[in-house]
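Derivation of every value follows stated rules applied to the coordinates shown; laboratory data play no part. Keep in mind that this is a model prediction, so the values were computed, not measured. Glycine also receives a Cβ, built like all others from the backbone with ideal geometry; neighbour counts cover every protein chain displayed.
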Amino acid sequence: MTRVIEGINKQILAGFAPLLEYPSLLTISNAISCKESCSSVSTEAARHLSHFVDWLSVTELYDAEELYTRTFYVAPLCIPYVSVHLFGEENFRRGELMAQLKSAFLREGFDPGSELPDHIATLLRFCAFIDEEELEELLHYCIVPSVREMSKQFEAARNAYSHIFKALEILFAGG
């Protein structure tokens, strides 16, 4: 297995998690922090996050909540569960992956919150809890291929969340 992340630390990856969770009043400050962290690794990724920050700065919270819901849950443009992108919606391997993730969360003392274990935000937060070898495996087999698929779903849409996935894609490609 080749290294997936060169120069990206766990905190940068975990910094993307709150951007892919239901919006709150803290989302803009989280987005600014994430952008600043990324700027030391990739100016192109930081530029995409700047677009997301710009959108948040002129968007009311209820409008951000509505877009989030439309994007990820109600007739979703992009399903936020990595197992769907890896195996399809109706595949027993989804359940196997979620069971493995739950076991890893328990082993590391990680609280996944109320989302399913394979939610992209949950997995990005989990990156900060595991060692480098496990991180490489999680990225290589779960996160990177899913982010690529998720990013493709945004190609034809003008959606603020596309910038988050594009920034992740750029980071995974080496900046």
Give the residues of region 102-115 that are closer than 25 Å to ASN30 by Cα and touching a Leu at 6+ places or on another chain (Cβ under 9 Å), sorted by residue number.
PRO112
For region 31-43, state whether one or more residues are under 23 Å from LEU135 (Cβ atoms) and charged (D, E, K, R).
yes
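LEU49: touching a residue at least 24 places away in the same chain (Cβ under 8 Å), more than 17 Å from PHE165 (Cβ to Cβ) and surrounded by 16 or more Cβ atoms within 10 Å (Cβ to Cβ), yes or no? Reasoning before the result, please.
Values: touching a residue at least 24 places away in the same chain (Cβ under 8 Å): yes; more than 17 Å from PHE165 (Cβ to Cβ): no; surrounded by 16 or more Cβ atoms within 10 Å (Cβ to Cβ): yes.
Against the criterion (touching a residue at least 24 places away in the same chain (Cβ under 8 Å), more than 17 Å from PHE165 (Cβ to Cβ) and surrounded by 16 or more Cβ atoms within 10 Å (Cβ to Cβ)), LEU49 does not qualify.
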Take residues that are on the phi < 0 side of the Ramachandran plot and touching a residue at least 60 places away in the same chain (Cβ under 8 Å) and tell me which of the helices (runs of 4 or more DSSP H) falling wholly in region 68-127 contain 2 or more.
82-87, 120-126
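Does THR27 meet the test of being farther than 11 Å from ALA167 by Cβ, in contact (Cβ under 8 Å) with a residue 40 or more places away in the chain and among the β-branched types (Val, Ile, Thr)?
Values: farther than 11 Å from ALA167 by Cβ: yes; in contact (Cβ under 8 Å) with a residue 40 or more places away in the chain: no; among the β-branched types (Val, Ile, Thr): yes.
Judged against the criteria, THR27 is not a match.
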Top-ranked residue of region 130-154 - restricted to ones that are without any contact (Cβ under 8 Å) to a residue 60 or more places away in the chain, assigned to a helix (DSSP H, G or I) and not polar (S, T, N, Q), ranked as surrounded by the most Cβ atoms within 10 Å (Cβ to Cβ):
VAL147
Which residues, taken from region 61-112, are of a type in the set (Asp, Glu) and closer than 21 Å to PRO145 by Cβ?
GLU89, GLU90, GLU96
Residues that are surrounded by fewer than 14 Cβ atoms within 10 Å (Cβ to Cβ), over 30 Å from GLU133 (Cα atoms) and out of contact with any helix residue (DSSP H, G or I) (no Cβ under 8 Å at 6 or more places or on another chain): does region 5-28 have at least one?
no
Name the single residue that is surrounded by the fewest Cβ atoms within 10 Å (Cβ to Cβ) among those in region 155-175 being closer than 17 Å to ALA14 by Cβ and of a type outside the set (Gly, Ala, Ser).
PHE172
